[in-house]
Each structure stands twice: as structure tokens, then as C-alpha cells.
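Reviewing the structure listed below.
The values are calculated or read from the model by the stated rules, or taken from the named source; none is laboratory data. Computed from a prediction, not measured in an experiment: that's the story for all the values here. All Cβ positions, even for glycine, are placed from backbone atoms using ideal geometry, and neighbour counts span all protein chains on display. SASA here: full protein model, heavy atoms, side chains in, ligands and nucleic acids out. Shrake-Rupley method; radii C 1.70, N 1.55, O 1.52, S 1.80 Å.
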Amino acid sequence: TLKAMSPKTDQMKAIRDEVLALKESPLYEYRTSNKYFPVIGEGSHDARIMFVGEAPGRNEAKTGRPFCGAAGKILDELLETVSIPRTEVYITNIVKDRPPENRDPLPSEIEIYGPFLDRQIEIIQPKVIATLGRYSMVYIMKKFDLEFELEPISAAHGKKYTAKASYGDIQIVPLYHPAAAIYNRSLIETLKIDFKVLKDII
Ligand code: URA
């Protein structure tokens, strides 16, 4: 017998289908010619905390899973230090397809994929959004009318910003991108301290 999917799973699947067919994306041709997958997101659809990264890297595009490469290993380590199971959070990115050579996402890419992230936030209704890196910090803070509070990530990381989502209050916590800690191990310590902030508010 066919199992009925939950409405949240149905809505996520609709997003996946739309992204799969998104020929208008500047990254569509690169994805299909490399036999890559879009990376929609992974984790609990009832998560209290949602992590928003930048864009899939090579490992992610090959598997369709977010943060499964080197940066993902660091994210896993950080979650472990505060005893938050990865299965209880939701992990996604702004841009759902891999940009060539892991370059920074272009404004046009953020514009085309951003609405999918917006829908994912409405589906999951997280209490906390932890942004990973500068691009997701800027996108999420602008989205929640915190543009006037924007600071460089060196000043904003680990701070809590309260905002109003359509479904209630939400806290936004900007974090350094875990990939930054691959080449700068001292950032790991900063990230660990900032993850304690997360742990304290969930
Ligand atoms: N970096 C990101 O921003 N997202 C991923 O999914 C992997 C690496």
C-alpha cells in the first residue's frame, strides 16, 4: 500500500521537483552536464533550528546532500561539541546547485534560489536560523528586516538577533562558515563558543 506523505514532506518534494526542472537557472546546464544533483536540504522537518549555508560544493552536488564534505565534517564536529544531533536540525543552503569551482554565488543565483529557501523556512518554521557564512547572513538578515543591523561577520558572529517571522518570533544567529575553519584552525574555537550560544537558545 502507498503511504501518505506528511504535508511538509509533500511541500519539500514539490520544491525538489521545481529545482530539478529549473532550466532558467544559470547553474542548470552545469548541473546536468556534470550529472550533479541539486541539494535541497536534509534533516528534521520539525527542526527548531535551521542552518543555512551558501551553496553546494563538489561532494554535495555529487550526492545531493548538504555539508557532506570537508566543511560538513567540521559542522558535524561542532554539533557534537554541543550535543545537538544532526538528525534533529535542518541543514540547507541559499543556492541549491553547485557554482563552478566553488566560486561565490552571484546575485542572480541568490535571486533565483532564494524563494525556495523562503518556502523551506515557512514549511519548517524554525525558532532559530543559524547562518553559515557572509552570504547567508546578509540574505537572512535582509529578509527579516535586519538590514540596518548588518555588520561584518567578524563583529556579527555569535550574536542573537530577534525578528518576526510570519509564524512568530525567530532568532537569527550569524556564524562563520565552517569551511573557513579548514584553513584557519583558530576559527574552530570561535565557532565552538558560538555553537554554545545556539545550544543555550534551543
Ligand atoms: N558549503 C556550503 O555552503 N554548503 C554545503 O552544503 C557544503 C559546503
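Identify all residues within segment 130-168 that are among the polar types (S, T, N, Q) and touching a residue at least 12 places away in the same chain (Cβ under 8 Å); write none if there are none. Even if it seems obvious, please write down each step before you answer.
Restricting attention to segment 130-168, the residues satisfying the condition of being among the polar types (S, T, N, Q) are 131, 136, 154, 162, 166.
Within segment 130-168, 131, 136, 166 qualify.
Within segment 42-62, can you find the residues that are within 15 Å of residue 99 (Cα to Cα) and within 11 Å of the ligand (Cβ to nearest atom)?
Listed by number, the residues that qualify are 53, 54, 55, 56, 57, 58, 59, 60, 61.
Which one is farthest from the ligand (Cβ to nearest atom) among residues in segment 22-33 that are open to solvent by 30 Å² or more (accessible area, probe 1.4 Å) and either touching a residue at least 60 places away in the same chain (Cβ under 8 Å) or touching a Cys at 6+ places or on another chain (Cβ under 8 Å) (or both)?
Initially, segment 22-33 is screened for residues open to solvent by 30 Å² or more (accessible area, probe 1.4 Å), giving 23-24, 26, 28-30, 32-33.
Add one more test, that the residue is either touching a residue at least 60 places away in the same chain (Cβ under 8 Å) or touching a Cys at 6+ places or on another chain (Cβ under 8 Å) (or both), and what stays is 24, 26, 28, 30.
Details: 24: 22, 26: 18, 28: 18, 30: 16 Å.
Going through the qualifying residues, I end up with 24.
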### Message
Yes or no: segment 106-127 includes at least one residue that is within 8 Å of the ligand (Cβ to nearest atom), crowded, with 18+ Cβ neighbours inside 10 Å and not charged (D, E, K, R).
### Response
no
### Query
Which of (1) hydrophobic (A, V, I, L, M, F, W, C); (2) touching a residue at least 40 places away in the same chain (Cβ under 8 Å); (3) in contact with a Lys or Arg (Cβ under 8 Å, 6 or more places away or on another chain); (4) crowded, with 19+ Cβ neighbours inside 10 Å is the odd one out, the single condition residue 52 does not satisfy?
(3)
### Task
List the number of the failed condition for residue 134; all other conditions in (1) open to solvent by 10 Å² or more (accessible area, probe 1.4 Å); (2) more than 17 Å from the chain's Cα centre (by Cα); (3) not polar (S, T, N, Q) hold.
(2)
### Task
Determine the pairs where a residue that is β-branched (Val, Ile, Thr), located within segment 4-15, has a partner that is at pLDDT 95 or above and assigned to a helix (DSSP H, G or I) with Cβ atoms under 8 Å apart, the partner being 6 or more residues away or on another chain.
15/116; 15/119; 15/120
### Query
Quick check: anything in segment 93-105 in contact with a strand residue (DSSP E or B) (Cβ under 6 Å, 6 or more places away or on another chain), within 23 Å of residue 25 (Cβ to Cβ) and open to solvent by less than 20 Å² (accessible area, probe 1.4 Å)?
yes
## Note on the structure
By my count, helices (runs of 4 or more DSSP H) wholly in segment 139-202 with at least 2 residues that are surrounded by 12 or more Cβ atoms within 10 Å (Cβ to Cβ) and not small (Gly, Ala, Ser) are 186-201
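Tell me, please, whether a residue that is on the phi < 0 side of the Ramachandran plot, in contact with a helix residue (DSSP H, G or I) (Cβ under 9 Å, 6 or more places away or on another chain) and hydrophobic (A, V, I, L, M, F, W, C) can be found in segment 98-109. Don't jump to the end; show me each part of the working.
Within segment 98-109, the first condition is being on the phi < 0 side of the Ramachandran plot, and the residues that meet it are 98-100, 103-109.
If we keep only those that are in contact with a helix residue (DSSP H, G or I) (Cβ under 9 Å, 6 or more places away or on another chain) as well, we get 98-100, 104-105.
Subsequent filtering for residues that are hydrophobic (A, V, I, L, M, F, W, C) retains none.
Looking through segment 98-109, none of the residues is on the phi < 0 side of the Ramachandran plot, in contact with a helix residue (DSSP H, G or I) (Cβ under 9 Å, 6 or more places away or on another chain) and hydrophobic (A, V, I, L, M, F, W, C).
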### Task
State which residue is farthest from the ligand (Cβ to nearest atom) when the search covers only segment 65-77 and only residues that are open to solvent by less than 20 Å² (accessible area, probe 1.4 Å) and touching a strand residue (DSSP E or B) at 6+ places or on another chain (Cβ under 9 Å).
75
